[in-house]
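Input: a single structure, listed below in structure tokens.
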Amino acid sequence: MTETNPAAARPDSAKTKVFLEEADIPTHWYNIVADLPTPPAPHLHPGTKEPMSAEDMTAIFPLQLIEQEMSTDRWIEIPEAVQEIYRLWRPSPLHRARRLEQALGTTARIYYKYEGESPVGSHKTNSAVPQAYFNKLAGKTRLTTETGAGQWGAALAFATQVFGLTCEIFQVRNTYENKPYRSLLMRTFGAQVQPSPSMNTEVGRQLNERFPGTTGSLGMAISEAVELAVADPEASYALGSVLNHVALHQTVIGQEAIRQFAGFGESMPDHLFACAGGGSNLAGIAFPFLRENLEGRASVDVVACEPAAAPSLTQGEFRYDFGDASGMTPLLKMYTLGNDFVPDPVHAGGLRYHGMAPLVSHCYHEGLLRAVAVKQREAFEAGVLFARAEGIVPASESTHAIAGALRQARQAAEDGTSPVILIGVSGSGQLDLPAYAEFLSGDMLDT
Ligand SMILES: *Cc1c(COP(=O)(O)O)cnc(C)c1O
């Protein structure tokens, strides 16, 4: 007897989500440097101001990550040990936001790629896992890092535990005190967590003296983590965003999305929105699409959605600056608000960074993508609408991408056009519910 499967009979365009098989997880990371029309500026040594050599970076990073940082190869193979861990949650689904479209009354077709199903609820694990792996391979036993909202700290805590490394995390004091759940998550995975600036590093003591009662910043926490890593040859520092190798690791997102679009019977999105703090999830979803643009197969309008409280692309200067507060990291050519900029303590802790990834900055400078700034009330309003329509509470950071997309979708309704919009939803907001509560009560400051 033959049975007909009504789902299989539905056209692609009627689908609500497209999964890929495990075998479809990308086997290589995509390095956009190979395809850029002009080469990005090199990182400079903080002392000599000369281009960094690989050797200069060995004090804080293992060689294979340094090679990735400097690579001009288009494809970099993902080791099987990393793919094995990726299989715990990848491929991530691509959804058609049908109910959101209805709620908006828009003629746009809206899709979203959701990274919130990873072990810690964000895209950060895509880079935490390879970073822990390459450090293990290099014989390191200990990783130090910073974290803002705690998404990166939780991701690295998970990844170090997978490969048997210890993990020490400096969390920005504002979120450490106001959002205890992520530090509990980090501790559950076995990491040590302390608020930054702390009194346990030289630079932390100096920062506490210079800025008494400071709520902390990512730049300060980075300085503390780097200090510990430099002092111990068995330790490395790990950064959750900004650097080229982090952007590289995230490109599994966009590569999957391109294949999933085909599963919907769509070719390419007209617009792509992602939130941008340090730039890694934006790079991850957008760079594979920018490759399609650069090779003439598409013309996707890529839009970085940054918080109005830390508007590095829309208000910053494109120049060399340090990645941290005290000038210990390499000098990076990027859009920056200045490395002593301390953003208002907005809820999207992961977006409170003074600079923007050099590769994202370069693409922006070259006109390959554009940027908008979003205030947090507009962001959370979009987040609530999205949650009520789609049943997923997006991370505070991700709500900025949704807000950017909603502006476009509403414009389409006015213009009577039907663009295809893709949103990168970088994480889950289950641990951001106090921020949602503040928004719903009307108390949220509109910064
Ligand atoms: C860390 C984080 C961000 C911001 O970092 P990017 O490097 O800009 O991606 C955005 N969304 C979520 C969920 C995060 O955890």
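The values are calculated or read from the model by the stated rules, or taken from the named source; none is laboratory data. Bear in mind that the values here come from a model prediction, so they are computed numbers and not experimental data. Note that each Cβ is placed from the backbone with ideal geometry, even for glycine, and that neighbours are counted across all protein chains shown. Ligands, DNA and RNA are excluded from the accessible area calculation, which covers all protein heavy atoms including side chains. Shrake-Rupley method; radii C 1.70, N 1.55, O 1.52, S 1.80 Å.
Amide H to amide H distances under 5 Å link Tyr111 with Ala97, Ile421, Leu422, Ile423, where only residues 5 or more positions off or on other chains count and H is placed in the peptide plane.
Computed over the alpha-carbon pairs of the chain, the distance histogram in 20 Å steps reads 27, 60, 12, 1 percent, short to long. Each of Val18, Ala304, Thr188 was placed along the dipole of the chain (beta-carbon charges, centred on the mean Cα), and the one lying farthest toward the positive end is Val18. With a Cα cut-off of under 17 Å and a minimum spacing of 8 residues unless on different chains, the lysine pairs in the chain number 4. Tell me, what is the Rg over Rh of segment 1-146, with Rh the Kirkwood radius over Cα pairs? Reported Rg/Rh (Cα atoms, Kirkwood Rh): 1.10. Look at the dipole of segment 124-242 built from charges on Cβ: of Ala231, Val129, Val203, the Cα furthest out on the positive end belongs to Val129.
What Kirkwood Rh does segment 124-242 have if only Cα atoms enter the pairwise 1/r average? Answer in Å. 13.8 Å is the Kirkwood radius here.
For segment 124-242, the dipole from Cβ point charges (+1 on Lys and Arg, -1 on Asp and Glu) about the Cα centre works out to 340 debye, to the nearest 20. Taken about its Cα centre, the chain carries a charge dipole of about 800 debye when Lys and Arg each add +1 at the Cβ and Asp and Glu each add -1 at the Cβ. Classify segment 94-161 as rounded, prolate or oblate, taking a ≥ b ≥ c as the square roots of the eigenvalues of its Cα gyration tensor: rounded when a/c is under 1.5, otherwise prolate if a/b is larger than b/c and oblate if not. Prolate, since a/c reaches 1.5 and a/b exceeds b/c.
Taking every DSSP bridge with both residues inside the chain, close to 35 percent are antiparallel. At a probe radius of 1.4 angstrom, the accessible area of the chain per residue rounds to 37 square angstrom. In plain terms, the bigger the Kirkwood radius, the slower the diffusion; for segment 264-317, with that radius from Cα pairs, at 4 °C and 1.567 mPa s, Stokes-Einstein puts D at 107 µm²/s. What's the angle, to the nearest 10 degrees (0 to 90), between helix 376-390's Cα axis and the longest principal axis of the chain? With rounding to tens, the tilt is 50 degrees. For segment 19-116, GluC sites (Glu not before Pro) meeting the loop criterion (DSSP other than H, G, I, E, B) and having at most 15 other Cβ atoms within 10 Å: Glu21. Counting Lys and Arg as +1 and Asp and Glu as -1 over every other residue whose Cβ lies under 15 Å from the Cβ of Glu202, the net charge comes to -3.
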